[in-house]
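The values are calculated or read from the model by the stated rules, or taken from the named source; none is laboratory data. Predicted model, so just to flag it, every value in this text is computed and none were measured. Quick reminder, even Gly has a Cβ in these numbers, built from the backbone with ideal geometry, and neighbours come from all protein chains shown. These accessible areas exclude ligands, DNA and RNA; they are computed on the full protein's heavy atoms, side chains included. Shrake-Rupley method; radii C 1.70, N 1.55, O 1.52, S 1.80 Å.
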Amino acid sequence: MLRNRVLAFLLLAAQLLLHIPETGAKVPALIVFGDSTVDSGNNNQISTVLKSNFQPYGRDYFGGKATGRFSNGRIAPDFISEGFGLKNTVPAYLDPAYDITDFATGVCFASAGTGLDNATSDVLSVMPLWKEVEYYKEYQTRLRSYLGEEKANEIIGEALYLISIGTNDFLENYYLLPRKLRKYSVNEYQNFLIGLAGDFVTDIYRLGARKMSLSGLSPFGCLPLERTTQIFYGSQCIEEYNNVARDFNTKLNEKVFSLNRDLNGLQLVFSNPYNLVSDIINHPEAFGFENVRSACCGTGYYEMSYLCDKMNPFTCSDASKYVFWDSFHPTEKTNAIVASHVLKYDLSRFQ
């Protein structure tokens, strides 16, 4: 009788297992590379004019602290980290307030103002992408010393790597050059950047990374700073720029497909924020926003970094009504909406 009950229990258990959906492996850490969309304060520690470690930046962050995030509060990786059940912020690797005990569950190597193209990082003297990789190698050494080889390798292999970069290559580099001095056509420059993105993914793959999210470009022709150049035309979005972003995203998606095919064990997802951000910009009221053409900080048309300071009398009182915090970067509310979308539609396989 007992034997029959045990057999019946095992049969029932087997049937139940067939109905348990695959949720993917646990993510023990979030590791971030890229530009100001994901920089949590690394630029504070380097010699550059592109900083945001002062008020009113961070006024809606925990304790009203200006951390170096280009926002009034948290940025997308913070919300994504929280969504995975990790900590609610991702610390900057160069921030002396944190050490390897903090970085073991999440770390940011991003630098505001950088790009895939090394020449982009030279514009504002920020960290080039190759330097972010060098810091990542150093991090691996520190992690192995802290946790031991086996546990550290497990974290490196199971961590989720967020990569968000590319807008500065166009707005702070390519389009700033006089047309006659441009080395590439737009199409050629896109292809050049796509090649660099592929090289970067391959580099960190060889260092042990397997689970990655590569973000596409948002409609950067609709940034308040870009709309300001069209002020005599009703502050319209620059559609030439938006077309470039869409074309770049198509090519990046194709590169993601080929990388997944060619690199054994790679789980690379393409995260495309373009349509969501475009919907927010075209229908802000549907997302609870009142202003999309100008930013909260200052006049909202051109202020960023040191031009966005606490002495500016025009800064709005409620950033949640605005899509953009400064003329180039989204508010905490926008970051939260984008992060929620990415978690639900792009990163669900890792949860």
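Structural remarks
- For segment 193-351, the fraction of 1.4 Å probe accessible surface lying on carbon and sulfur atoms is 51 percent.
- Under 13 Å from the Cα of LYS87 - aspartates and glutamates, other chains or at least 8 residues apart: ASP78, ASP102
- Annotation: lysines with alpha-carbon distance below 24 angstrom to LYS310 (same-chain offsets under eight excluded): LYS51, LYS65, LYS321, LYS333.
- Under the criterion of Cα pairs below 8 Å and six or more residues apart, the relative contact order for the chain equals 19 percent.
- Selected from ASN272, ASN312, ASN253 as most flexible by GNM, with the chain as the system and alpha-carbon contacts under 10 Å: ASN312
- Principal-axis tilt of helix 239-262 within the chain, Cα atoms, nearest 10 degrees: 20 degrees
- For the peptides 146-154, 173-181, the ranking by mean Cβ contacts within 10 Å, running from highest to lowest, is 146-154, 173-181.
- Cα centroid of segment 72-86 to Cα centroid of segment 280-351, whole Å: 15 Å
- With DNA, RNA and ligands ignored, accessible area of PHE192 (1.4 Å probe; Å², nearest 10): 70 Å²
- Local electrostatic count at LYS51 - Lys and Arg +1, Asp and Glu -1, tallied over other residues with Cβ under 15 Å: -3
- Relative contact order %, segment 47-163, counting alpha carbon pairs below 8 Å whose residues are six or more apart: 17 percent
- Heavy-atom accessible surface of the chain, averaged per residue, reaches 46 Å², computed with a 1.4 Å probe.
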